[in-house]
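Student: Below is one structure. I have some questions about it.
Every read-out reported here was derived from the displayed coordinates using simple, explicitly stated rules and does not represent laboratory data. Every value quoted in this text rests on a predicted model; they were computed, and no experiment measured them. Ideal geometry is used to build each Cβ from the backbone, glycine not excepted, and the neighbour counts take in all protein chains shown.
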């Protein structure tokens, strides 16, 4: 019996292919374009402690095999998210498919968001994602991703406050990302979500100005996949917790490559902007691959390239 | 879904008309909506190209496309018979009430692309259509219109001459204005229409990625009672009421 189920710490998913936060909306927008039941899970667009209008346009610029995007975490804030958005999400996805992503400026803000989510929807979601890859107004960009002690304290406090599985999404653009990853591992999360989005720039040669309003922005798409691969490779050697890899996954082969490098699951991002049903195709492809290779599960392949 | 290119025709040196056979899309489309075309099977260009529906006739839809970059350049190499991956129809198009009888359509350059289908629907309902086109030097674009004789067509030399030309048109008794063109032109049309207390809708353009509301890339600054907010050109638009669009204020 083929089994594509994937365990990430205490959380179990129907398959290892997740919709990445910020690239999958709230999932229900995709309902008429794909079969949502084929998603392992969807990490919803991050909800921040206060509403955010997002960055001023242009927000998207195309680069070879990808985009530079600078959205600025536009979201309506927790009140609207809990009252209006979540009921629609619950209609569109099953419990085991919903990961709520939160971001704050301080540990207290993260904890409050996690507790509110847990109290209101704890029985109806699979896991929480602490988004520490986002901008931080109070302590500077990526504070909880570049300071090992800050990351440790954040996780420890959240874990003691909620019983839901917790994933930690961090920014690997800092030189000490392996040191931070060790601290995250020690603090104990259910999975580490790697955010493999190096910064880039595009100039519009007609206007002679930067192509996006925020000047610089993260590069997403297949263009950066080899960078993501190396980060996952290094992280796998450093930490014990399961790794969810994102960065340029477009096909089942890409997902498999990340798994061989050490990812237990993958997040699909900007590929969905081009093919809204891409996750379904990736899962179909992995299942066909298992059939062809007579594999009962994909677990044995996680990190296989290291052995 | 797949759309089969059945006709390709140059309209100007840099604009071409593409006609596709695609019954499902053609039957569902309404004026002002867009489609997202996949340019090729490779990763470059990476994104689909969002394009206004220029016309719908029976099982076919057409696009009037200006060659402005890699994606649209690639499109000019398509030959009739090619099957293209298309998403659509997408977004919220133009709207009007049955009671309104006389309409001004203001097209700025290749912004014309979203107005022809609208004109067709209005004419089918027996409405009067006045088309004001700017700038006059680009009027060759009107060669793409399938039924120009059924519209009253006038021109503005350029953007400076536009307010006077539009005022003259509005003085004829216009129930509603529809506009598509560069932001600068649309701002003039919005202001002039509002000054005359005539409702006006604008078809806005932004760099767009997904086209279905998941990326929040195509943000348009919109005035609401709670202040300024960003809405999605792909899903909340591309057509917005003139008074809600903010051309300069940003957060």
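Student: Where the centre of each part is set by its Cα atoms, how far does the stretch A:208-242 sit from the stretch B:212-233, in angstrom?
Tutor: 27
Student: Based on the alpha-carbon set only, what is the convex hull volume of the stretch B:67-117 divided per residue, in Å³?
Tutor: Hull volume normalised by residue count: 139 Å³.
Student: In whole Å, how far is the Cα centre of the stretch B:58-117 from that of the stretch A:171-207?
Tutor: 40
Student: Using only the alpha-carbon atoms of the stretch A:119-238, report the extent along each of the three principal axes, biggest first, to the nearest angstrom.
Tutor: 53, 36, 28
Student: In percent, what relative contact order does the stretch A:64-136 have, based on Cα pairs under 8 Å that are 6 or more apart in sequence?
Tutor: 35
Student: Let me confirm one metric for peptide A:52-58, namely the mean number of other chain beta-carbon atoms within 10 Å of its residues' beta-carbons.
Tutor: Per residue, the average neighbour count from other chains is 6.
Student: Still on this structure: List B:236, A:35 from most exposed to least, where exposure is judged by having the fewest other Cβ atoms within 10 Å.
Tutor: Taking fewest neighbouring Cβ atoms as first place, the list is A:35, B:236.
Student: Based on DSSP, what percent of beta bridges with both residues in the stretch A:95-245 are antiparallel, to the nearest 5?
Tutor: Among the beta bridges of the stretch A:95-245, antiparallel pairing accounts for roughly 25 percent.
Student: Given bins 20 angstrom wide, list per bin the percent of all Cα-Cα distances in the protein assembly as shown, short to long.
Tutor: Computed distribution, short to long bins: 21, 50, 25, 4, 0.
Student: Alpha carbon centre of the stretch A:2-52 versus the stretch A:260-290: separation in Å?
Tutor: About 12 Å separates the Cα centre of the stretch A:2-52 from the one of the stretch A:260-290.
Student: Starting from the exponent 0.38 and prefactor 2.2 Å, build the expected Rg for the stretch A:173-307 from its residue count and divide its actual Cα Rg by it.
Tutor: Taking N as the residue count of the stretch A:173-307, the ratio is 1.18.
Student: Cα gyration tensor of chain A, axes a ≥ b ≥ c as square roots of the eigenvalues: rounded (a/c below 1.5), prolate (a/b > b/c) or oblate?
Tutor: It is rounded, given that a/c, with a ≥ b ≥ c, falls under 1.5.
Student: Would you mind giving the average projected area, over all directions, of the Cα convex hull of chain B in nm² with one decimal?
Tutor: Result: 13.4 nm².
Student: Can you tell me the orientation of helix B:183-195 relative to chain B, as the angle in degrees between its alpha-carbon axis and the longest Cα principal axis, to the nearest 10?
Tutor: Its long axis makes an angle of about 30 degrees.
Student: Please report the antiparallel percentage of DSSP beta bridges with both residues in the protein assembly as shown, rounded to the nearest 5.
Tutor: Of those bridges, close to 50 percent are antiparallel.
Student: Moving on to the next point. Based on Cα positions only, what radius of gyration and what Dmax would you give for the stretch B:2-90, in angstroms?
Tutor: In Å, with Rg to one decimal and Dmax whole: 11.9, 33.
Student: Tell me the mean residue ellipticity at 222 nm calculated for chain B from its helices only (DSSP H runs of n ≥ 4, each -39500 (n - 2.57), averaged over every residue, nearest 500).
Tutor: After summing the helix terms and dividing by the residues of chain B, the value is -4500 deg cm²/dmol.
Student: While we're on this one: Report, for chain A, the % of DSSP beta bridges that are antiparallel, rounded to 5.
Tutor: 35
Student: Taking just the C-alpha trace of the stretch B:102-244, give me its Rg and Dmax in Å.
Tutor: Every Cα atom of the stretch B:102-244 included, Rg and Dmax give 15.2, 46 Å.
Student: Then there is this: Which order results if A:174, B:94 are arranged by neighbouring Cβ count within 10 Å, fewest first?
Tutor: A:174, B:94
Student: With 10 angstrom as the radius, rank A:270, A:300 by how many other C-beta atoms surround their C-beta, starting from the fewest.
Tutor: A:300, A:270
Student: Take chain B, connect every pair of alpha-carbon atoms lying under 10 Å apart with a spring to form a Gaussian network, then pick out the residue of B:219, B:28, B:190 with the largest mean-square fluctuation.
Tutor: Its mean-square fluctuation being the largest, the pick is B:28.
Student: If you don't mind, another one. Thinking of the stretch B:57-182 as a set of Cα atoms, what percent of all their pairs are more than 20 Å apart?
Tutor: Tail of the P(r) past 20 Å holds 50 percent of the pairs.
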